[in-house]
Amino acid sequence: MIKTTFKAFFILLTATGLWAQGPYDHTYTGSTLTVPDNQQSTVFTADINVTDSGTLEDLDVKFNMDSGNSDYLGYAIISPYGTAVLLKGATHGGNGAYYETIFDDEASQPISNGSAPYTGRFTPYDPTINKLSDFDGQSITGTWKLVIYNRGNSSASIDWQLMMDTNNDT
């Protein structure tokens, strides 16, 4: 009985993405990015300046958005070296909140297959061409940028974090 219960619990955690990866070597919290009303076709950015050193081995990005219409927003991350990864296009996803939503290459489904409220781990919108692993091997030092494109007249307030595993030998 206990073995069966444990097995069912383990399957539930791993299948839903609730089995958390970590701990991460470094976690950096960006300032809240506010997208005001009536700013259609506008780009908004927020920065995280990383002063630590290390070579990136894995990057995950966490979002929290409790207001706004996610259908009208597109998100991308740009590294200090100009590498960009689209997390979600402005025409993909639905109207809804993000609660502890983690973009993670090792997740089992892309964000485009999820539904609101988005909770758990998702790969970026099209994992065949948008891979957070494109950042692997880069130095973590420098300014990382969150870019939000608003294709509608939607407002939003987005909290975000970069969660990194590194090779600290560099």
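Per-structure values
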| quantity | calculated |
| --- | --- |
| Number of the condition not met by Asn130 [criteria: (1) in a strand (DSSP E or B); (2) in contact with a Pro (Cβ under 8 Å, 6 or more places away or on another chain); (3) without any contact (Cβ under 8 Å) to a residue 60 or more places away in the chain] | (1) |
| Within segment 112-121, tally of residues that are part of a strand (DSSP E or B) and in contact (Cβ under 8 Å) with a residue 24 or more places away in the chain | 3 |
| Residue selected from segment 118-153 under the condition among the polar types (S, T, N, Q) and touching a Leu at 6+ places or on another chain (Cβ under 7 Å), by the criterion farthest from Met65 (Cα to Cα) | Gln138 |
| Check on Ile140, among the aliphatic types (A, V, I, L, M) and within 29 Å of Asp37 (Cα to Cα) | no |
| So Asp134, is it among the charged types (D, E, K, R), open to solvent by 20 Å² or more (accessible area, probe 1.4 Å) and closer than 18 Å to Pro80 by Cβ | yes |
| Segment 55-79: number of residues that are surrounded by 18 or more Cβ atoms within 10 Å (Cβ to Cβ) and under 20 Å from Gly30 (Cβ atoms) | 16 |
| Members of segment 26-44 that are of a type in the set (S, T, N, Q), within 17 Å of the chain's Cα centre (by Cα) and at pLDDT below 95 | Ser31, Thr32, Thr34 |
| Subset of segment 28-54 [over 22 Å from Phe122 (Cβ atoms) and surrounded by 17 or more Cβ atoms within 10 Å (Cβ to Cβ)] | Val50, Gly54 |
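The values are calculated or read from the model by the stated rules, or taken from the named source; none is laboratory data. What you see is a predicted model; the values in this text were computed from it and never measured. Counting neighbours? That spans all protein chains shown, and the Cβs are built from the backbone with ideal geometry, glycine included. In case anyone asks, the SASA skips ligands and DNA or RNA and just uses the protein heavy atoms, side chains included. Shrake-Rupley method; radii C 1.70, N 1.55, O 1.52, S 1.80 Å.
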